[in-house]
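The values are calculated or read from the model by the stated rules, or taken from the named source; none is laboratory data. Here the structure is a predicted model, which means the values were calculated and not measured. Quick reminder, even Gly has a Cβ in these numbers, built from the backbone with ideal geometry, and neighbours come from all protein chains shown.
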């Protein structure tokens, strides 16, 4: 097969096969929203490149327009055109119906993982010195209270982790605690899942409300231990903090 | 032929005849202001007890939202256009090329038309705020009253300067041009003042500071110097240039589509190119300015920073990435079409670099648009082990976003350099070496930006923000400031192999310019909402709580519908203003229609319009030129 239409179609199919079937061989499958996004980008790229000049436009769209206009068609060509003109609207209708029809599946979630903390937790600084003794104490407390879910390696793979959906946070991931200030962690540990604000709907967090069981001192030290153990640093605004 | 003296007298007379227009407008606004003065004088005690008023049906917040957005967008255009209009005039003055002066005058014509509407919306917004939010306005007046006076003075100075600048254009030619240029400078100076003074009121609402003792002037000055004031000033200044550039481009695009004479087609094709260039030129530093603003917001208040970047407003930044992506693609697409259409025979030589640039842009966009927290069904989330994808989740944080933004800026800049060099052959002996150095530098810069981006995942956030991100910006900036003069030097002695032909662009180029303008308007509406919403239920963050019935953040879908409405209304307004401004050109167009036979294939078809009978289908789908 030759020509820009065939090349474009092959490219689109290639991109789809790669992100839908090949990528999941090495990592988790991509959600449909992301696949749709990447396919839109690939299609846009083909259209932009194919309409860059008069000759490329003619090569890409010329056959399409000629086919649809029915100019000089007879026999099989005419039937094919008729089939497309009938089937395409039906396809659009089917797609519209399936996307709007009531379903027993829950809708895709747009969950806010890191909602803004309440005002009273903003700007709090860890009152305990960042020294070896405090870090070790924090790690000990972490091992006792946190590691069953968040894992001994701070990777969210504790023995109890499989029982939760969504799973416990992976602190070793640079996209989690490394993006946050210590005061944020203090709030989340102290208030737990039940302390999440409205914007964090659907409030899916099994995090206990640790203020019931642990004094503030323990929580601050656990935070120190977490950062040290996960080889991450809290977000600060001063380099020497 | 008229004598020079006669022309001068005629210009003076014309200038004086137009002067009463100013007084008409002043009288008009004075009459409009009377009820406000009366209201302020008589309603002092009542205002103390009334905190809010509502508007039935639409609601006070929605009404203020629409009017404020229209005012801001109009003001963005009115403050952005004089900057590049003035630069264009200087270029024309120094190079003695009349077309630049003509273009600058055309920019200013659009400016004068939009100016009165901007002021009108400013007035309406003021009335609404005083009437609907008396408690808030009383507080702000108490805090900022001296700056209100400064603002009024600046507005008067701006108005007077604009009228002298516009109506004196033809009169102040020749040896009077220097004074006209000086007026242009004053116009911009006052315009920047007009922008930054109200910015301080809005930024104080978002990031208020403790105001100590002192007289009214001292206290107002202290309140003005809040942490987000200058970041917003710089961000808006650049954004106004981008908005102005793309809107001028859209204007040129529409005029190009409607052009009937060859001269018109050439002129508006060129004007469209200049508009797109200005938009792109402003767009290159804009992400850096935005990054600085967000850094200041985060540093000022963690809660506000998280609300914006990680909380319920974070999705707006994914929408922002999509809009910016379309803008980058649209601007580059226009450049690339410029190469293939304006420089005949160049298509094959640039196919490969264009494809490479397009692929890089799309890959970068893919990263930029990938959210940290994905929209996923229950089953999908279970397979991923949460809503963060284990592999693609790394694209969701700032280190990745900053890296791809820098790469996209580099690509866009190189698109422009490629366009600049197209159709020319360097003859300097050192050209080969210079090009090799440029290619080497470009490769090193791209690698350095990517390495810093990846490294950014393994260092504390403060190191990434303070050093790595700044280094990435400096690297890209270095490429721009070295490549631009080097290319200019190379082209100085270059010979032109293919002359650039204006007026040959296809109709989709005109639509592309319109699309870019719509994207930038949507972007400003979107980010205006984000900035305003980040205060959540506070009128003045942490100081004055919103106790009205609208003290909640609207759902994102509702807000998106309002942004679209605002964009639509603004496009209608601008179209109306430009239509009025160009009524005088209609007569000229009628005359030019008679010369239509000059154009092979006739004028370009509008959307849905059938190609003219003379058009050959074989030469290209919907192509209207040879």
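Which of the residues spanning the stretch B:334-359 are surrounded by fewer than 17 Cβ atoms within 10 Å (Cβ to Cβ), more than 10 Å from every other protein chain (Cβ to nearest Cβ) and assigned to a helix (DSSP H, G or I)?
Result: B:349, B:352, B:353, B:356.
Given B:404, B:394, which one is touching a residue at least 40 places away in the same chain (Cβ under 8 Å), within 8 Å of chain A (Cβ to nearest Cβ) and at negative phi?
Just one listed residue meets the conditions, B:394.
Can you name the condition, by its number, that residue A:87 falls short on among (1) within 14 Å of chain B (Cβ to nearest Cβ); (2) surrounded by 10 or more Cβ atoms within 10 Å (Cβ to Cβ); (3) out of contact with any helix residue (DSSP H, G or I) (no Cβ under 7 Å at 6 or more places or on another chain)?
All conditions are met except number (1).
Do you know which residues across the stretch A:201-213 are assigned to a helix (DSSP H, G or I) and in contact (Cβ under 8 Å) with a residue 24 or more places away in the chain?
Of everything in the stretch A:201-213, just one residue is assigned to a helix (DSSP H, G or I) and in contact (Cβ under 8 Å) with a residue 24 or more places away in the chain, namely A:210.
Each row is one residue, and each column tells you yes or no for (1) surrounded by 19 or more Cβ atoms within 10 Å (Cβ to Cβ); (2) more than 14 Å from every other protein chain (Cβ to nearest Cβ); (3) touching a residue at least 60 places away in the same chain (Cβ under 8 Å); (4) within 25 Å of the chain's Cα centre (by Cα).
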| position | (1), (2), (3), (4) |
| --- | --- |
| A:131 | no, yes, no, no |
| A:141 | yes, yes, yes, no |
| A:160 | no, yes, no, yes |
| A:179 | yes, no, yes, yes |
| A:192 | no, yes, no, yes |
| A:199 | no, no, yes, yes |
| A:215 | no, yes, no, no |
| A:228 | yes, no, yes, no |
| A:234 | yes, no, no, yes |
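From the list A:45, A:70, A:8, A:93, pick out the single residue that is surrounded by 12 or more Cβ atoms within 10 Å (Cβ to Cβ), away from every other protein chain (no Cβ under 11 Å) and closer than 30 Å to residue B:375 by Cα.
On inspection, the qualifying residue turns out to be A:8.
For the list (1) within 13 Å of chain A (Cβ to nearest Cβ); (2) at pLDDT 95 or above, I need the number of the one condition that residue B:457 fails.
(2)
Looking at (1) more than 9 Å from chain A (Cβ to nearest Cβ); (2) over 17 Å from residue B:541 (Cα atoms), which is the only condition residue B:314 fails?
It is condition (1) that residue B:314 fails.
Among the candidates B:565, B:523, B:572, B:490, which residue alone is in a helix (DSSP H, G or I) and either out of contact with any helix residue (DSSP H, G or I) (no Cβ under 9 Å at 6 or more places or on another chain) or under 30 Å from residue A:56 (Cα atoms) (or both)?
B:572
Residue A:119 - would you say it is within 13 Å of chain B (Cβ to nearest Cβ), surrounded by fewer than 17 Cβ atoms within 10 Å (Cβ to Cβ), closer than 30 Å to residue B:301 by Cβ and in contact (Cβ under 8 Å) with a residue 60 or more places away in the chain?
It is false that residue A:119 is within 13 Å of chain B (Cβ to nearest Cβ), surrounded by fewer than 17 Cβ atoms within 10 Å (Cβ to Cβ), closer than 30 Å to residue B:301 by Cβ and in contact (Cβ under 8 Å) with a residue 60 or more places away in the chain.
Just wondering, is there one or more residues in the stretch A:104-111 that are more than 10 Å from chain B (Cβ to nearest Cβ) and either surrounded by 16 or more Cβ atoms within 10 Å (Cβ to Cβ) or more than 23 Å from residue A:209 (Cβ to Cβ) (or both)?
Yes, because at least one residue in the stretch A:104-111 is more than 10 Å from chain B (Cβ to nearest Cβ) and either surrounded by 16 or more Cβ atoms within 10 Å (Cβ to Cβ) or more than 23 Å from residue A:209 (Cβ to Cβ) (or both).
Restrict the check to the stretch A:113-130 and report whether at least one residue is outside the structural domain of residue A:31 (by TED's automatic domain parsing) and touching a strand residue (DSSP E or B) at 6+ places or on another chain (Cβ under 8 Å).
The answer is no; no qualifying residue exists.
Report the residue count in the stretch B:360-369 for those that are without any contact (Cβ under 8 Å) to a residue 40 or more places away in the chain and at the interface with another protein chain (Cβ under 7 Å from one of its Cβ atoms).
Number of matching residues: 2.
Take the stretch B:371-381 and flag every residue that is out of contact with any strand residue (DSSP E or B) (no Cβ under 8 Å at 6 or more places or on another chain) and either more than 7 Å from chain A (Cβ to nearest Cβ) or assigned to a helix (DSSP H, G or I) (or both).
B:371, B:379, B:380
How many residues are at the interface with another protein chain (Cβ under 8 Å from one of its Cβ atoms) and exposed (fewer than 15 other Cβ atoms within 10 Å of the Cβ) if we restrict to the stretch A:11-31?
2
Need the failing condition index for residue B:443 against (1) assigned to a helix (DSSP H, G or I); (2) without any contact (Cβ under 8 Å) to a residue 12 or more places away in the chain; (3) farther than 28 Å from residue B:276 by Cα, just the number.
(3)
Does the stretch B:289-303 contain at least one residue that is more than 9 Å from chain A (Cβ to nearest Cβ), surrounded by fewer than 24 Cβ atoms within 10 Å (Cβ to Cβ) and within 30 Å of residue B:103 (Cβ to Cβ)?
yes
Kindly indicate whether any position in the stretch A:144-156 is at pLDDT below 95, within 10 Å of chain B (Cβ to nearest Cβ) and under 19 Å from the mean Cα position of the chain (by Cα).
Yes, the stretch A:144-156 has at least one match.
Among the residues of the stretch B:216-250, what is the count of those that are within 23 Å of the chain's Cα centre (by Cα) and more than 30 Å from residue B:273 (Cβ to Cβ)?
Counting residues in the stretch B:216-250 that are within 23 Å of the chain's Cα centre (by Cα) and more than 30 Å from residue B:273 (Cβ to Cβ) gives 5.
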